[in-house]
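Structure, as structure tokens:
The values are calculated or read from the model by the stated rules, or taken from the named source; none is laboratory data. All values reported here derive from a predicted model rather than from experimental measurement. The accessibility values were calculated without ligands, DNA or RNA, using every heavy atom of the protein model including side chains. Shrake-Rupley method; radii C 1.70, N 1.55, O 1.52, S 1.80 Å.
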Amino acid sequence: MSFESLGLAPALLRALAEQGYAEPTPVQAGSIPLVLAGHDLLAAAQTGTGKTAAFALPLLHKLVDAGPTMTRRPRALVLTPTRELAAQILDNAQAYGKHLRISATTIFGGVGMGPQINALRRGVDIVIATPGRLIDHMQQRTIDLSGVETLVLDEADRMLDMGFLPALKRILGALPKQRQTLLFSATFAPEIKALAMQFMREPREVTVTPPNTVAALVSHHVHPVDAERKRDLLLHVLAQDSRRQTLVFSRTKHGADKLVKYLEQAGLRAAAIHGNKSQNARTKALGDFKSGRITVLVATDIAARGIDIDQLPMVINFDLPMVAEDYVHRIGRTGRAGSEGMAVSLVSHDESGLLRDIRKLLKDEIAIDNVAGFEPSSPLRLDAGAPRPKQGQRQPRSPQRSQGGQSQRPQGSSQAHRPHGHAQQKQGNGEHAAGNRKRRHRPRPAAKA
Ligand code: AMP
């Protein structure tokens, strides 16, 4: 299938050719005709599937088709959970709409409201907003939503996870009833279905990947390790290829900062990206990572949600996520677009329960490999009573990195480097025996994007 056959405006086709897009991805091929035909849409697609273009292209096409633009009443509203995602959607919309006279702006917290108010006053066609700041504008009456013809809820599942449901309901209540609504979500969790039932008109569904699956080209590795040796093991893994761009996940903001300090002391170029960082610091860290100025980006789940980096070769979970679904989101950063990716998790005994949840969710055997020299003092437990860290638990302190380069020695790909090899820890089938514990989305505290 070609973009031409989807009936998109020639100016959009030109921009797509300039972007080097040869053909639509499955979510684009499924969604674009439905959106152009005016249907409400419920699309299950993760970051990395091309979902942004799946809504941005038909949105731009319809805006051009409809005639005069740039009034003080925006005609399209895109809601997204994080500032980074909002900025990326704007980048994409500007790239696709570069031969059109369509204006778009972002509205998110962490930056002054003045420039946003000015942009709205000048007149804009598409507003890309995070819910918290949009509500601020609604309260101050600096935005008029009465002209919105199309609403896009991007990463709706994450917006709910972040506690935005009350804000979303308020925004939805302020929009014209006559509109087209497009909802994109990594999963069709019951809460998403409920939202769609309440605010959409007979939505058509597009599902391109079964919910909660990760790209087939990602190989998963779990390295059991004692908590206090995790940082040494991280250095050891990173040292295998110091030029490789690696995204490292930390459960806490504080942990991410500490880890960056540690990596920098070890001579690596690293930066952290999390909610306590200013917008400028986050943009800089992401820009440095994309340009290769830094090779390790340490991120928390929420901050990383919007990171759009193609073909990242490796993602390392320094801590496992507290919610198994976040593993899928984290790993979505690697193995994209047909390239191979590697997901490495450093798992301490107290995270055994979290690992058990992840393996159950993926319905897949994840190889558990001891790394020679880093074998844990007690093996991971994958039975029903497997321990899990308490919410908010700090990361363990690590003793000073051992001198003499032991921890920097490459992990090695041959048995000669690893006298004990990667001992496959035999997996019991405890996860099946104990498989009747219901997995739940744990609500997160509300976060202002
Ligand atoms: P998304 O899922 O929207 O975050 O998109 C992931 C990446 O795929 C982005 O870098 C897009 O620029 C890229 N992309 C989107 N659609 C296509 C396409 N049809 N062909 C090639 N790359 C694409």
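Key figures
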quantity	calculated
In sequence order, calculated HN-Hα J values of segment 98-103 (Karplus, 6.51, -1.76, 1.60; Hz; x Gly/Pro)	5, 9, 10, 9, 10, 10
Placed amide H near VAL152: partners under 5 Å, 5+ positions off or other chain	LEU77, VAL78, LEU79, LEU182
As computed over segment 91-234, the Cα convex hull volume per residue (Å³)	207
Relative pair counts by distance (%), Cα atoms of segment 223-297, 10 Å bins	19, 54, 24, 3
Rounded to the nearest 10 Å², the accessible area of TYR21 at probe 1.4 Å	80
Accessible-area order (highest first, 1.4 angstrom probe) of the listed residues PHE199, PHE318	PHE199, PHE318
Taking only Cα atoms of segment 175-294, radius of gyration then Dmax in Å	20.3, 58
Diffusion constant of segment 1-156 at 37 °C, which comes from Stokes-Einstein with the Kirkwood Cα-pair radius and 0.692 mPa s, µm²/s	208
For segment 191-206, 3J(HN,Hα) per residue [Karplus equation, 6.51 cos²θ - 1.76 cosθ + 1.60, θ = phi - 60°, Hz, x = Gly/Pro]	5, 5, 4, 5, 4, 5, 4, 6, 10, 10, 9, 6, x, 7, 10, 10
Under 5 Å, built H, 5+ apart or other chain: amide partners of VAL218	GLY341
For segment 104-117, 3J(HN,Hα) per residue [Karplus equation, 6.51 cos²θ - 1.76 cosθ + 1.60, θ = phi - 60°, Hz, x = Gly/Pro]	9, 8, 9, 9, 8, x, x, 10, x, 7, x, x, 5, 5
Sequence-distant residues sharing a close amide H with ILE316 (under 5 Å, placed H)	LEU247, VAL248, PHE249, VAL344
